Structure formats: structure tokens, C-alpha cells
Amino acid sequence: EADIYQTPRYLVIGTGKKITLECSQTMGHDKMYWYQQDPGMELHLIHYSYGVNSTEKGDLSSESTVSRIRTEHFPLTLESARPSHTSQYLCASRGGQATNEKLFFGSGTQLSVL
Amino acid sequence: AQKITQTQPGMFVQEKEAVTLDCTYDTSDPSYGLFWYKQPSSGEMIFLIYQGSYDQQNATEGRYSLNFQKARKSANLVISASQLGDSAMYFCAMREGPAGGGADGLTFGKGTHLIIQP
């Protein structure tokens with residue numbers, strides 16, 4: 001079983017608010033990822049990290065930012081939420097460097113911005 | 001260009017029948033991996049099966065098997081004896097090796113919504 005946790009599970013918030021989506025894993029994985037997924041659509045990579053103090057932007061441009069101060073923690077922040085940010089955000093991690101390493105996913109955060 | 005193409009937006013299948021979910025991919029990297037994930041309505045992503053580009057045999061995991069046709073760049077998922085609990089979104093995904101370029105992580109297709117009918 002994957003030990004990767006996301007909070008909150010659901011978040012409804014007004015426009016202009018600052019929000020932080022939490023993601024933690026207890027597997028000691030160096031690589032962590034954030035994906036954005038609209039309903040019934042594919043996942044798009046928005047951020048990833050290779051380890052502490054490493055963050056990179058993914059294939060899909062996002063107004064969110066991330067930080068990696070501790071190996072187990074990879075929070076995503078939106079400074080000023082807008083309705084266009086409404087989506088599901090999925091956090092994932094993997095431990096090795098090999099091509100066959102699967103991603104372990106959290107349960108996701110469903111964000112709705114009114 | 002799409003790196004992962006899933007041409008079946010939705011499928012209805014009778015319970016206990018076998019089902020094939022199509023996936024084609026595009027890469028010039030000789031080293032790559034192909035993954036299938038299941039996403040139930042609850043939203044979590046469940047890993048099902050993996051196939052490496054150098055694997056000689058098709059991957060199998062219980063009721064799941066992967067029909068890997070390298071020359072056609074095809075990696076179809078086969079579910080034998082489908083069950084009501086198999087109803088979900090199914091995503092094909094690829095990880096390229098260093099020669100593939102781009103960001104790290106998996107590239108996903110648009111998914112197939114599979115509904116198993118009793």
C-alpha cells in the first residue's frame with residue numbers, strides 16, 4: 001500500500017484566497033510530482049522535485065508554486081485562487097531512477113474556486 | 001503531437017466478458033516504460049501493470065495482461081473475465097528514458113471510461 005497522503009480531500013474557496021495543498025509521503029522517496037486533472041480528462045504534470053531544495057516546472061504551465069524543504073513534504077501553493085484553478089490535484093512519488101519505477105499516488109485534492 | 005493516444009473515450013462491456021483497452025504511443029527513445037492505471041470514481045490512481053521497451057514477453061498481473069506490439073507502438077490492456085468493480089477510468093502512460101527529453105514523470109493519455117454492465 002502506498003503511504004502518500006494529501007490534505008484536504010476537498011476544498012471550496014473564494015476567489016483571491018491563498019491556499020496550500022499538502023502532500024506527504026513516508027516512503028523516503030526522493031522524486032515527487034504534482035499533476036492537475038480536469039474531470040474525465042488526462043493528468044498533466046505541473047511540478048516535480050528530485051529531492052530537497054529541488055523543484056522544476058512540468059509540461060503544463062501553472063500559476064502554482066511548490067517547495068521541498070523536507071524529503072517527505074511537497075506542498076503546492078496558489079497565492080491568489082481563481083475559478084480557472086478549479087480542478088483535481090494529484091500528488092505522486094517514486095523511489096528509484098529506473099524507467100520501470102511506478103508512481104505512487106495520493107488520493108487527490110478536489111479544489112473548487114468560486 | 002500526442003505521445004499517448006487512447007482512442008476509446010468510453011466502453012460498455014457485459015460482466016464476465018474480456019475487454020481490450022487500446023493504447024498507442026509515440027517516442028523516438030529506445031528505452032521507455034509503459035504503465036496502465038485505474039482511476040475509480042473516488043479519484044485515486046491504482047497501478048495495474050508495467051511493460052518495458054526491452055521486455056521480451058508481454059506483462060501479466062492476475063486478470064490484467066498487456067498486449068505489447070513494439071513495431072506498431074501499441075500497448076493494449078486486456079482484462080479477462082470483467083467484473084462490476086472494474087468500472088472506472090483507465091489511463092495508459094509512458095516514461096521515456098534520458099533521450100526522450102521533456103520533464104520527468106509519466107505522460108498520460110486521455111483515458112477510457114469503462115463501464116461493466118451486469
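Side notes on the structure shown:
- Globularity index of the protein assembly as shown, i.e. its alpha-carbon radius of gyration over 2.2 N^0.38 Å: 1.01
- Whole-Hz Karplus values for the stretch A:16-32 come out as x, 6, 8, 10, 10, 9, 9, 9, 9, 9, 10, 9, x, 6, 7, 8, 9 Hz, taken residue by residue from phi with 6.51 cos²θ - 1.76 cosθ + 1.60 and θ = phi - 60°; glycine and proline positions read x.
- Over the stretch A:1-45, all Cα pairs binned in 10 Å intervals from 0 give whole-percent P(r) values of 18, 45, 32, 5, listed from short to long.
- Flagged links, alpha-carbon separation over 18 Å, of B:K3/B:K73; A:K57/B:K38; B:K38/B:K70; A:K31/B:K110; A:K57/A:K102: A:K57/B:K38; B:K38/B:K70; A:K31/B:K110; A:K57/A:K102
- Value of relative contact order over chain A, rounded to a whole percent, pairs C-alpha under 8 Å and six or more apart: 37
- Estimated D of chain B in µm² per second, where Rh is the Kirkwood radius over Cα pairs and Stokes-Einstein applies at 37 °C, 0.692 mPa s: 227
- Rounded, prolate or oblate (a/c below 1.5 giving rounded, otherwise prolate when a/b exceeds b/c) for the stretch A:28-109 by Cα gyration tensor: oblate
- For the stretch B:24-40, backbone phi angles converted through the Karplus equation (6.51, -1.76, 1.60; θ = phi - 60°) give residue-by-residue couplings of 10, 9, 9, 7, 9, 7, x, 10, 7, x, 10, 10, 10, 10, 10, 10, x Hz, Gly and Pro being listed as x.
- Residue-wise HN-Hα couplings along the stretch A:43-54, as the Karplus relation 6.51 cos²θ - 1.76 cosθ + 1.60 with θ = phi - 60° gives them from phi, are 8, 10, 6, 10, 8, 8, 9, 9, x, 4, 6, 10 Hz; Gly and Pro carry x.
- Here chain A is treated with +1 on each Lys and Arg Cβ and -1 on each Asp and Glu Cβ, and its dipole about the Cα centre works out to around 240 debye.
Where a number appears in this text, it was derived from the coordinates with a stated rule and is not lab data. Predicted model only: the values in this text are computed from it and were never measured. Note that we place each Cβ from the backbone using ideal geometry, even for glycine, and neighbour counts take in every protein chain shown.
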